[in-house]
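*Asks:* Sharing a structure here in structure tokens format.
Taken together, the values in this text are just the output of simple stated rules run on the coordinates, not laboratory data. Keep in mind the model is a prediction, meaning the values are calculated, not measured. Here the Cβ positions follow ideal geometry from the backbone for every residue, glycine too, while neighbour counts run over all protein chains shown.
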Amino acid sequence: MRLDILTLFPNMMNMFFQESILARAQKKGLVEVHFHDLHDYSLTKYGSVDDYPYGGKAGMLMAVEPLVNCIEGLQKERHYDEVIYTAPDGEMLNQGMSNELSLKENLMILCGHYKGIDERVREHFITKEISIGDYVLTGGELATAVIADSVIRLVPGVIGDEQSALSDSFQDGLVAPPEYTRPPEFRGWKVPDILLSGNHAKIEQWRYEQALERTKERRPELYKKYQSQK
Ligand code: ADE
């Protein structure tokens, strides 16, 4: 997968991709991440990238020209499966969306800033708008890091043990069951006997029941959806 990230703050973004699984994915050659500083695409000699909105509203907008220069320049080089814009009024990110995006070849993500971008860019270039929650961030960089993290870990081969991504919370519509590691007893707190039994069928059944129970308790709306789709 190739990921092109268009941002006003490439340095802020960079650090997320230099550690842990995201760094390993790149070292293994499974994912390529490229940052594009939108200041470099400005038409003005001062490198300005924002402008006042028509109609006298407070705040600034990201201007059309630098965005279009950058997007079209990249699109001349390759086809993009999606041109994503991070925005609080976008479609809410969920595991299903991350699964779908993880199978794509080329993705572009535009990090929003200020009061947003000129609507014409949304209309004519953006193919998918994603929100990471009902709250407003200063900019799209954190949202992009969240999207990229949830997508890249699902790219085939990135996580060594394939099962580990498949058993994540939400993969099957339920949250994950509780997990334990050694020692079997700590301060009198015991690991459930079933996990030490060696009976894999029974362990799987227990995990499923725990996941159901947890989902019902913690995420009733997910539980309802799960029950209705069964
Ligand atoms: N930009 C600002 N707030 C955002 C949010 N909640 N999700 C995605 N992008 C954003």
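*Asks:* Excluding same-chain residues fewer than 8 positions from K115, which aspartates and glutamates have a Cα within less than 15 Å of its Cα?
*Replies:* Here the aspartates and glutamates satisfying the reach criterion relative to K115 are D50, D51, D89, E141.
*Asks:* Under the rule of at least 5 residues apart or a separate chain, name every residue whose amide H is placed under 5 Å from the amide H of A63.
*Replies:* Under 5 Å from the amide H of A63 lie the amide H atoms of D50, D51, each far enough along the sequence or on another chain.
*Asks:* Would you compute the Debye intensity of the chain from its alpha-carbon atoms alone, equal scatterers and no solvent, and pass along log10 I(q)/I(0) at q = 0.12, 0.13, 0.15, 0.17 Å⁻¹ to two decimals?
*Replies:* -0.78, -0.87, -1.05, -1.23
*Asks:* If you build the Cα gyration tensor of the range 75-210 and take the root of 5 times each eigenvalue, what three semi-axes come out, in whole angstrom, biggest first? Intermediate results must be reported in sequence, preceding the final value.
*Replies:* Working: eigenvalues 318, 59, 28 Å².
After scaling each eigenvalue by five and taking roots: 40, 17, 12 Å.
*Asks:* Considering only G173, V151, Q227, whose Cα is most displaced toward the positive end of the charge dipole of the range 137-230, charges sitting on Cβ of Lys, Arg (+1) and Asp, Glu (-1)?
*Replies:* Q227
*Asks:* Using packing as a proxy for protection, rank 129-140, 112-123 so that the peptide with the highest average count of other Cβ atoms within 10 Å comes first.
*Replies:* Going from most to least packed, we get 112-123, 129-140.
*Asks:* If you don't mind, another one. As a test of the formula, what do you get for the chain when each DSSP H run with n ≥ 4 contributes -39,500 (n - 2.57) and the sum is divided by the residue count, at 222 nm and rounded to the nearest 500 deg cm²/dmol?
*Replies:* Value at 222 nm, helices only, nearest 500: -11000 deg cm²/dmol.
*Asks:* Which one of G173, G198, G47 has the biggest mean-square fluctuation once the chain is modelled by GNM with Cα springs under 10 Å?
*Replies:* Per the Cα network of the chain with a 10 Å cutoff, G198 tops the list.
*Asks:* Please list, by residue number, every one of the trypsin sites (Lys or Arg not before Pro) in the range 1-48 that is coil in DSSP and has at most 15 other beta-carbon atoms within 10 Å.
*Replies:* Loop-located and lightly packed - K28, K45.
*Asks:* Students often forget the sequence filter, so: which aspartates and glutamates lie under 20 Å Cα-Cα from K27 once same-chain residues fewer than 8 apart are removed?
*Replies:* Within the straight-line cut-off, K27 pairs with D4, E19, E105, D149, D161, E162.
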